[in-house]
1. Please find the FRET efficiency linking Asn674 to Lys211, where r is the Cβ-Cβ separation and R0 is fixed at 60 Å, and quote it to the nearest 0.05.
2. Can you give me the long-range amide H partners of Leu133? Hydrogens built in the peptide plane at 1.01 Å from N, cutoff under 5 Å, separation of 5 or more residues or another chain.
3. Could you sort 625-631, 269-275, 565-571 so that the peptide with the highest average Cβ count within 10 Å comes first and the rest follow in order?
4. Just from its helices, what would the mean residue ellipticity at 222 nm be for the chain, if runs of 4 or more DSSP H residues each count -39500 (n - 2.57) and the sum is divided by every residue, rounded to the nearest 500 deg cm²/dmol?
5. Would you mind getting me the FRET efficiency between Glu667 and Arg107? Use the beta-carbon distance for r and R0 = 45 Å, nearest 0.05.
6. List the trypsin sites (Lys or Arg not before Pro) in region 111-176 that DSSP assigns to loop (not H, G, I, E or B) and whose Cβ has at most 11 other Cβ atoms within 10 Å. Which are they?
7. Fully extended, how many nm does the chain gain between Phe363 and Val318 (0.36 nm per residue separation, minus their Cα-Cα distance)?
8. So which of Lys280/Lys402; Lys290/Lys563; Lys330/Lys402 end up more than 22 Å apart by C-alpha?
Amino acid sequence: MTIRIIEEEGIERPVVSQRIAELADAILHHKKVYESGQSEISDAAYDRLEDELKSIAPDHPVLQVVGAASDSSVGAGAASGVNVRKVEHATPMLSLDKTYSLPDLHRWAADKPLVGTLKVDGNSLSLVYEKGLLNLAKTRGNGRVGEEVTDKAFWIADVPRNLPNGISCEIRGEIYCTESKFLRLADEMVQMGLDRPTSPRNIVSGLLGRKAHFELARYFSFFAFDFIASGAGDARDAAGANDRNPSIPAPRFKSEVEKFKWLGGAGFSLPHPQVLEDAKAVEGYLEYVKKLMAEDEIGLDGAVFSYNDLALHDELGVTAHHPRYKMSFKWQGQTAVSTVTGITWATSRLGAVTPVAVIDPVFLSGASISNISLHNAAHVKAFNLKVGDRIEIVRSGEVIPKFLGVIEAADGSYLWPLACPQCGTTLISDGIRLTCPDATACPAQQLGAILNWIRCAEIDDLSEKRVLPLMEAGLVRTLADLYRLKLEDFLVIPQTREKMAGKLFANIQASRSIPLASFLNGLGIEGAGRTTWESLLEHFSGLAEIQRATPEEIIPIEGFAEKSAKQIVAGLDARRVWIQELLEAGVTPVVQNRSGRGDGQFEGHADGPLAGLQFVITGSLTAPRLDVEKAIKAAGGKLATSVSKNTFAVVTGDLDSGSSKMKKARELGVKIWNEEQLRNALKE
């Protein structure tokens, strides 16, 4: 049989049915192995197969069947060799339409308000609650028939065991495994005599299909993204589920954001939903997702956008394959296979020794790639990475290239370095990271600490390129050494003349008087940033008091847990010599009072319009956050990192945000201000 399609030019072109059959077979095959935990090709390669079939045979049955698989045996556990109970979905779990084109996304949006969420690279999961109790958990399967996995769901911390008010409903979302949890899970599975898993995505589907080792699901996480009323199939009205018990309030949603607010209030973790009013906001959210893809440990492969108006959902409806009111955006990922020619290890300013794979150069998304981050030592161990391995890498747009997996393993086993590559000190391991314990003698840690101090003290023009010659000349080893430099010492820096030497010297001298929060931040204590120290300075009156603080005194402060309190105390204790040297070198940490004099506890003015009021800032703002913080402090206000009964107002650029801070503010009845309301208050 031959199918004819009409080209834009009006010319008919025969398409050989053999190619259609090849594409259909390939899609079915890869869909099955993908959901059984044994992916053979990348997501981008699979998408290209599906897109090609759509272009030449858009009505092909493979595309019309939800999930591109008509065999009900396809599911998360199909390859496990066990019989699992099949469960039908009253409302099909559809796929999503997708685009790689920003103009196409804007055309689909048509200037309608959207809600953006993360597109997590995991497995879809349906949770059925009866009278508030979790009764059933099931995989997506082929979209119409899934497999029961209730016994695994009970182990997942993000899955609430009960819902408020005894509501009956179905919650849908994505189950996934973070990078750090995957590494711990992989080690535990090997210790149990099981095969080492190949990736976070594959291990989720693999374990969901097992009839044993349910406890391993405790390594998984869950994001909720949809609410379906029990027996009604309508995400806006749960009344039909509660007619038998009219005392139970039925949530009625008019918008996606209302739905997410309810889900968050019910105890579910959310995939970072955000209301997007225009094209600029959509592009900003995509930049946010791109940053997470590069830096976060949650596996992401794009973003999902939904029309915020649920009435529009009803109006548009669904196809056999996807809802018309949702669209996923993915960057056109380019993948390549290359050979590992070396694995180098570098020491960070905090002593972590991290691996980088050196590969035969490949060209991806407009750039030549020759180095791939391998994150940490446990990553090398989990994948048994070594020289000679053929690995697959991916780069989507401007996102940092990532390691996907080993295609062909070389003989031998991975190797961890025994000593720090910078100073030769014997490394220590916590099972995940390798660390150099000698912070005082390790050149890499010395350089990192000095550069961090320069940034926090805002010393202009003193870059890494200029610091290195000073260190090589033996003039700078510690933070305090910067303040012992003479003007002529800067002449050792290549291409530096008297004028620049004088400028560098003056910039360092200007930083001798430094806000105490910046001073403490410059010490580079892990897990503590500028806002951390500002919060502590609201409870401790100066440097000496903070140095004497115990974990028991810090833990009760809003926003501090036992772990962070102990980190701060241990970090300060480890840096006592640094602090003393800086003070002896003439550095003066200043705790400013409300009037600006250096003798009190708080910055700002006692008679300012916000005097004594505590504020929390959340989400993105149109003005730089630092400027907003300074304005609040200058008006006598205080800043906190978490919402409490002492908070006067939460300032946000998104009044409909479902973030944890906004949720807490609504629970406590705290004022929620937009930027305009804050500006008006400052004028008063």
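1. Details: r = 53 Å, r/R0 = 0.88.
Efficiency computed from Cβ-Cβ geometry: 0.70.
2. It is Leu163, by chain and number.
3. Values: 625-631: 14.3, 269-275: 21.3, 565-571: 18.0.
The packing order, highest mean first, is 269-275, 565-571, 625-631.
4. On the way: 23 runs with 221 residues, N = 684.
Mean residue ellipticity, 222 nm, calculated: -9500 deg cm²/dmol.
5. Values: r = 40 Å, r/R0 = 0.88.
E(calc), rounded to 0.05, equals 0.70.
6. Details: sites: Lys119, Lys131, Lys138, Arg140, Arg144, Lys152, Arg161, Arg172; in loops: Lys131, Arg140, Arg144, Arg161.
Passing sites in region 111-176 are Arg161.
7. Values: separation 45, 0.36 × 45 = 16.20 nm, distance 3.95 nm.
Fully extending the segment from Phe363 to Val318 adds 12.3 nm.
8. Details: Lys280/Lys402 28 Å; Lys290/Lys563 30 Å; Lys330/Lys402 15 Å.
With Cα atoms farther than 22 Å apart: Lys280/Lys402; Lys290/Lys563.
Each value in this text was obtained by applying a stated rule to the coordinates, not by laboratory testing. Being a predicted model, the structure only gives us computed values, none of them experimental. Glycine gets a Cβ as well: all are built from the backbone with ideal geometry, and neighbour counts include every protein chain shown.
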